[in-house]
Amino acid sequence: MLEQLARLGRVGITFLKHLGRANLLLFNILSGVGEVLRRPRLLIAQIYSVGVLSVLIISVSGTFVGMVLGLQGYYILSQFGAEQTLGVMVSASLVRELGPVVAALLFAGRAGSALTAEIGLMKATEQLSGLEMMAVNPIRRVLTPRFFAGFISMPLLAALFGALGVLGGYFVGVGLLGVDDGAYWSQMQSKIDLNKDIYNGVIKSLVFGVVCSWIALFQGYDAVPTSEGVSRSTTRTVVHSSLAVLGLDFVLTALMFGE
Amino acid sequence: MSDTTQIEEPLVKIRGLTFRRGSRAIFDGIDIDIQRGKVTAIMGPSGTGKTTLLKLIGGQLRPDAGTIHVDGQDIHALNTRELYKLRMRMGMLFQSGALLTDISVFENVAYPIREHTDLPESMIRKLLLLKLEAVGLRGARDLMPSELSGGMARRVALARAMVLDPMMIMYDEPFTGQDPISMGVLVKLIRKLNDASRLSSIIVSHDVQETAQIADQIYVISNGRVIESGSPERIMNSELEWTDQFVHGHADGPVPFHYPAADLDEDLLSGSRMESSC
């Protein structure tokens, strides 16, 4: 019993130590914002690497998710004779939930894991130590631009995901299943609210961008500098980011849409 | 009189240095002086904390006790700005080279200059070509780090370490894993650069012959203490049993060949007993 209690205590202390280190890292990353403003090319290069290179997977996924929503939505709504509201259903699902959440999960899987592996390998091959010895702060020089690249890219990727999803739903609903073209767009236009739907979706994706980038960079920076250590950290990035996104989505949804 | 004292003051002065990892003492109150303009070697078997010592000198690790003064400044009492200012005068050659893998040889060597100076591009180019020429790799400037051999990577890292004309360079196992030609080149380069650029060099290594060829002073460390120090001749002819074993590579001695274990006969018999009981 005592041993189990001690084990629980050790787990708690380890967790708090991790959290402390992660918060300290975030503080150091944010304090390097001046470096990013002074050298915007660093940020642009990372936006390309983190954001632009994720466009393909986001586009394909967004289109297919929208197509599936169109198909499923049509079969359900047609049972109640409400298939003309398909546009609202597809767009509300994408803008409020699926856009920010699925885009964040895909971002964690593609860009987050790549960030962790890159930083972890830079640590393992002493590149970060090398920068320190060249009197260059590796957090500000390497981590800060990557963090802000994730922060900026995430809402744009979520918007792209949502837009292509709406088009995917249109293709299936209007193109294949015969929903009225005008009804699809006009219902969407009248029911989707700028503040309640669009802005809240953007806020969600900004929060997810911060969390996914923070987790990915922390896991890379804190990785045990061996091939196994980097591999474990990369896995942890995907798992922790996914859980954080899903958990935070519930909290944010409750705050935004709760009475 | 005061001028003479100034000149004789060691570039790096380590006093009472204690550093622990968990309960294990890596260094237990060691004193080391690194003289200006000399090549000083820190030697000892793997796992004795030689690389840790370089990280302590570079301010990347903090000691549990003791002080390290570099050019008269207590490195662990400096704030970040002062520490980075001092590091601009220190070069370090990592065991792996630590080249940035996403930029070319030229850009790797140019990196410290671009970070810390506002020199025009034409001047950076000339300076870099001279530095790369010094390490024999001017023709390899457009290659990526992944296209270099281990020896070439270390020479590029050496060019990068000296590009800001530092007062000292620290070498972490520079000869490990090198073929005889690369090793010969590195041995000569380190000595030549030290003398030509009036540097002070610290070499951490367990390659006895190569290091003894170019060192002015050798410290032999083991079990957290300095076992012996002196000129290469003195170390190579040492009568201390430990130093003799290390320098001449005897399999057994004060450092045992066998990892501590139970008696062999007992171990074998206990295996037979286990089999019969099954």
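Just to be sure I understand, how many residues within segment B:108-147 are at pLDDT below 90 and among the hydroxyl-bearing types (Ser, Thr, Tyr)?
The total comes to 0.
Output the residue which, of all residues in segment A:189-210 that are open to solvent by less than 20 Å² (accessible area, probe 1.4 Å) and not polar (S, T, N, Q), is modelled with the lowest pLDDT.
The qualifying residue modelled with the lowest pLDDT is A:ASP197.
When the residues of segment B:16-66 are filtered to those that are in contact with an Asp or Glu (Cβ under 6 Å, 6 or more places away or on another chain) and more than 14 Å from every other protein chain (Cβ to nearest Cβ), which remaining residue is farthest from B:MET90 (Cα to Cα)?
Among those that are in contact with an Asp or Glu (Cβ under 6 Å, 6 or more places away or on another chain) and more than 14 Å from every other protein chain (Cβ to nearest Cβ), it is B:ARG20.
Does segment A:108-121 contain any residue that is within 30 Å of B:ASP165 (Cβ to Cβ), crowded, with 19+ Cβ neighbours inside 10 Å, within 13 Å of chain B (Cβ to nearest Cβ) and in contact with a helix residue (DSSP H, G or I) (Cβ under 7 Å, 6 or more places away or on another chain)?
no
Among the residues of segment B:212-219, is any surrounded by 14 or more Cβ atoms within 10 Å (Cβ to Cβ), touching a Phe, Trp or Tyr at 6+ places or on another chain (Cβ under 8 Å) and assigned to a loop (DSSP other than H, G, I, E, B)? If you could, list the steps in order and put the result at the bottom.
Taking segment B:212-219 and keeping what is surrounded by 14 or more Cβ atoms within 10 Å (Cβ to Cβ), we get B:212-219.
In the following step, the residues that additionally are touching a Phe, Trp or Tyr at 6+ places or on another chain (Cβ under 8 Å) were identified as none.
Checked segment B:212-219: no residue is surrounded by 14 or more Cβ atoms within 10 Å (Cβ to Cβ), touching a Phe, Trp or Tyr at 6+ places or on another chain (Cβ under 8 Å) and assigned to a loop (DSSP other than H, G, I, E, B).
When segment A:136-188 is examined, which residues are found to be open to solvent by less than 10 Å² (accessible area, probe 1.4 Å) and outside any helix (DSSP H, G or I)?
A:VAL136, A:VAL179
Could you grab me the full set of residues in segment B:67-93 that are part of a loop (DSSP other than H, G, I, E, B), open to solvent by 70 Å² or more (accessible area, probe 1.4 Å) and either of a type in the set (A, V, I, L, M, F, W, C) or within 10 Å of chain A (Cβ to nearest Cβ) (or both)?
Filtering segment B:67-93 for residues part of a loop (DSSP other than H, G, I, E, B) gives B:71-72, B:78-79, B:88-89.
Within this subset, residues satisfying the condition of being open to solvent by 70 Å² or more (accessible area, probe 1.4 Å) are B:79, B:89.
The one that is part of a loop (DSSP other than H, G, I, E, B), open to solvent by 70 Å² or more (accessible area, probe 1.4 Å) and either of a type in the set (A, V, I, L, M, F, W, C) or within 10 Å of chain A (Cβ to nearest Cβ) (or both): B:ARG89.
Can you find even one residue in segment B:94-112 that is free of Cβ contacts under 8 Å to residues at least 60 places away in the same chain, touching a helix residue (DSSP H, G or I) at 6+ places or on another chain (Cβ under 9 Å), away from every other protein chain (no Cβ under 14 Å) and in a helix (DSSP H, G or I)?
Checking segment B:94-112: at least one residue is free of Cβ contacts under 8 Å to residues at least 60 places away in the same chain, touching a helix residue (DSSP H, G or I) at 6+ places or on another chain (Cβ under 9 Å), away from every other protein chain (no Cβ under 14 Å) and in a helix (DSSP H, G or I).
The rows are residues; the columns are (1) of a type in the set (S, T, N, Q); (2) touching a Phe, Trp or Tyr at 6+ places or on another chain (Cβ under 9 Å); (3) in contact (Cβ under 8 Å) with a residue 60 or more places away in the chain; (4) over 30 Å from B:ASP33 (Cα atoms).
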residue	(1), (2), (3), (4)
B:ARG234	no, no, no, no
B:GLU239	no, no, no, no
B:TRP242	no, no, no, no
B:GLN245	yes, no, no, no
B:HIS248	no, no, no, no
B:GLY253	no, yes, no, no
B:HIS258	no, no, no, yes
B:ALA262	no, no, no, yes
B:ASP265	no, no, no, yes
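The values are calculated or read from the model by the stated rules, or taken from the named source; none is laboratory data. Model, not experiment: these values are computed from the prediction. Glycine also receives a Cβ, built like all others from the backbone with ideal geometry; neighbour counts cover every protein chain displayed. Accessible surface is based on the protein model in full, side chains and every heavy atom, while ligands, DNA and RNA are left aside. Shrake-Rupley method; radii C 1.70, N 1.55, O 1.52, S 1.80 Å.
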